[in-house]
1. State the number of residues belonging to region 441-478 that are under 41 Å from the mean Cα position of the chain (by Cα), loosely packed, with under 11 Cβ neighbours inside 10 Å and in contact (Cβ under 8 Å) with a residue 24 or more places away in the chain.
2. Residues 192, 142: which one is in contact with a helix residue (DSSP H, G or I) (Cβ under 7 Å, 6 or more places away or on another chain) and either over 27 Å from residue 255 (Cβ atoms) or part of a helix (DSSP H, G or I) (or both)?
3. With 134, 200 as the choices, which residue is more than 20 Å from the chain's Cα centre (by Cα), among the hydroxyl-bearing types (Ser, Thr, Tyr) and within 20 Å of residue 80 (Cα to Cα)?
4. Between a first residue in region 42-67 that is assigned by TED's automatic domain parsing to the domain that holds residue 134 and a second residue that is small (Gly, Ala, Ser) and surrounded by fewer than 19 Cβ atoms within 10 Å (Cβ to Cβ), which pairs have beta carbons less than 9 Å apart while being 6 or more apart in sequence or on different chains?
Amino acid sequence: MLFGMIELFPDLPIVIHKQKETIAALKSGEIDDLRVSNQLPIDDIVKYGLKENFLRTGLKSFPDPRKQHDIPIEVLLLPQVIQRLDDEHSLLLAPHMLNSAELMTELGFSARVLDEGFNNKNKYPRETPFHGETLKHVLLGVKPEQLVEWFNTEWNKLMKSNAPGRTKQYIIDGTELLIPKHLFEKYEGAGVVKDSDDNTSYGYKVVWIQEIIDRKGVIRSLKFAPIQDNDLKIGKELVKNFDFEEGSLLLMDRGFLDGAWITHLKVERKIDVCMPLKSNSEITQFTVAQAATEDKWMPHPTRENQRIYEIRKSELDWKLCQCFNSGVLVNFIKKNGKEENIVFVDTRNGISGKNILATYDQRAEIEESHRQMKCFQGLEKLPSKKYVHVVFRIIMGTISYNLFNLFLNSEKCATLRDYTLKTHRQKRKVEERNPDIIIYTGNTFAIMKNLDFLDLILTLKKSVRLKLGKIFRELSSG
């Protein structure tokens, strides 16, 4: 039974896994469709989320605006997750993503793709599969802020309770979602910004909070804005409403530097901060001069041709923020031959320079996650220009990304550099000599091994075999 809801929707175009009933129908010569199971590598990721029971729970919590409906919301949304994992982007392709007998058995249902819509209630024919059309209508009744609240509330709780290896170390960061200049006015809610070199960019900005889970990032909260909005302003709003535990550590880049805000985080919210400082900051300029005078350099713990200087607490005095308690200066020569100095500070007491650098280096893993989401999940592929569709696509991509990282955690994969979504898609199972066959009849389906299916057919009466033969020819010609 489909999530205990099928009895409420007798005309639901969902096919239920009922082995005995379907085989009995087959023996009498009744069959609607026949498919060979197609097991994709990404199906393993979806099965993991279903077995852990957080994927289904999260999808069911969607802010469904429908008061009456034929298709449960989780049935509409699950193919969207599969699509993002497989780098597919059309709403109309969703029904065709579910072709694995093993995954269908785990789910207990399959989606019947109809040529003219999801039911027979319309007066006029429709030519789209039910998933795409129904979901489009659902999104017409949802506001973008409802989707953001759904992710930041329901999925935040699920990630917190279903992520083994939690560290209470968080990263706040932003990424830009660029759109073509000539389409700018057609994208709802998009913005425009010029950088210091007078280059113009168009699109959106997403700022998110990720928790480091065993060296991988799981996005726990996010906020959307036009591309020109300031990262610090968005970040402050996001952090204000996030449920940090006392003693959490927040890693941020220098764009989030604000002395009063960092003091508030440390003193009032008991959240520590680790970050680099701007090159023109008082602390950086003083520390560079002090290090040159004392000449107490040490080799960088992990990078050749770089050196570090341990900063004392007394050297971290800054009138705008008295909360920096540990620090380290990194000195190196850039490829262009110029000398570079970067100061990293930490509000925790007694943290060595080596440990500060090891902590902040975890940001590199998160930067890799940004690259993966853009390159391998098509984060910037925004086929619909409606703002609610843009937000929906990014959130579903984020859910898929989190699911993949938790799956990698369960597989004990060390880092994203060891294993990417692209490499997982490229995995190919050994060709199955005896594949699963999916048999559809009425509103039920059964799964049999190919040889068992053939053996069953050979035992049937001649009249039934002739009837099935005619059906098979019709199916193959279609």
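The values are calculated or read from the model by the stated rules, or taken from the named source; none is laboratory data. Please read these numbers as outputs of a predicted model, since none were measured by experiment. Ideal geometry is used to build each Cβ from the backbone, glycine not excepted, and the neighbour counts take in all protein chains shown.
1. Result for region 441-478: 0.
2. Numbers: 192 fails: either over 27 Å from residue 255 (Cβ atoms) or part of a helix (DSSP H, G or I) (or both).
On inspection, the qualifying residue turns out to be 142.
3. On the way: 200 fails: within 20 Å of residue 80 (Cα to Cα).
Going through 134, 200 in turn, the sole match is 134.
4. 48/410; 52/410; 54/161; 64/141; 65/141; 66/141
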